[in-house]
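Read the structure below first, then the notes.
The values are calculated or read from the model by the stated rules, or taken from the named source; none is laboratory data. Every value quoted in this text rests on a predicted model; they were computed, and no experiment measured them. Positions of Cβ are backbone-derived with ideal geometry, glycine not excepted, and every protein chain shown enters the neighbour counts.
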Amino acid sequence: MSAMMFDCPACGGEAWSTAGEGTSLIHFACRDCGRESAALAYPAWVESGPRPAAYRAIVDVPAQPQQASKLRLRLARAFAKLPGFCLADLERQAVAGLSVWDLGRYYAASDYSDGTQAQAEQAAAQAGATLRFVLEK
Ligand SMILES: [Zn+2]
């Protein structure tokens, strides 16, 4: 089996695909730091065309620690299967006590893709949270 290789977003090391090859969502794990993540892969012909707009999905964190941890659990469950979401990332932000959480990168719908922004909105609604989408430059 030939594995695809990625640059680890955390340490820049070599990350290898673990699942989802041949689909538009590839999971990969870093050999150096062990970080697992997911990436949206586009067909080669799309690379040359305009990319759909990319957004960071931001959610406000309740000031009450108990409510914040409940929200984190609901978000972790609702976002589990979404491309762009990384559970370790959310845990790290929660531990750091941030007042907003960044739930990953999502794409607007375009001519050749339904995008993932709507999926993120749906997942947030399931978790009882409201997302803000911040355009990624
Ligand atoms: Zn790494």
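Yes/no matrix, rows are residues, columns are (1) closer than 20 Å to Arg77 by Cβ; (2) small (Gly, Ala, Ser); (3) surrounded by fewer than 15 Cβ atoms within 10 Å (Cβ to Cβ):
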position	(1), (2), (3)
Gln93	yes, no, no
Gly97	no, yes, yes
Asp111	no, no, yes
Ala124	yes, yes, no
Phe133	no, no, no
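Go through the stretch 62-81 and count every residue that is among the aliphatic types (A, V, I, L, M) and buried (at least 19 other Cβ atoms within 10 Å of the Cβ). Outline the logic, then answer.
Taking the stretch 62-81 as the starting set, the residues that turn out to be among the aliphatic types (A, V, I, L, M) are 63, 68, 71, 73, 75-76, 78, 80.
Retained after the next criterion (residues that are buried (at least 19 other Cβ atoms within 10 Å of the Cβ)): 71, 75, 78.
Final tally of qualifying residues: 3.
Residues of the stretch 99-109 being out of contact with any Phe, Trp or Tyr (no Cβ under 8 Å at 6 or more places or on another chain) and surrounded by fewer than 19 Cβ atoms within 10 Å (Cβ to Cβ), which ones?
Ser99, Val100, Asp102, Ala109
Would you point out the residue of the stretch 1-38, among those that are among the hydrophobic types (A, V, I, L, M, F, W, C) and touching a residue at least 40 places away in the same chain (Cβ under 8 Å), that is nearest to the ligand (Cβ to nearest atom)?
Within the stretch 1-38, the match that is nearest to the ligand (Cβ to nearest atom) is Ala38.
Against the conditions (1) under 27 Å from Cys11 (Cα atoms); (2) of a type in the set (Gly, Ala, Ser); (3) modelled with pLDDT of 90 or more, where does Ala127 fall short? Just the number, please.
Only one criterion in (1) under 27 Å from Cys11 (Cα atoms); (2) of a type in the set (Gly, Ala, Ser); (3) modelled with pLDDT of 90 or more is unmet by Ala127, namely (1).
State whether one or more residues within the stretch 52-61 are in a strand (DSSP E or B), over 15 Å from the mean Cα position of the chain (by Cα) and either surrounded by 19 or more Cβ atoms within 10 Å (Cβ to Cβ) or modelled with pLDDT of 90 or more (or both).
Yes.
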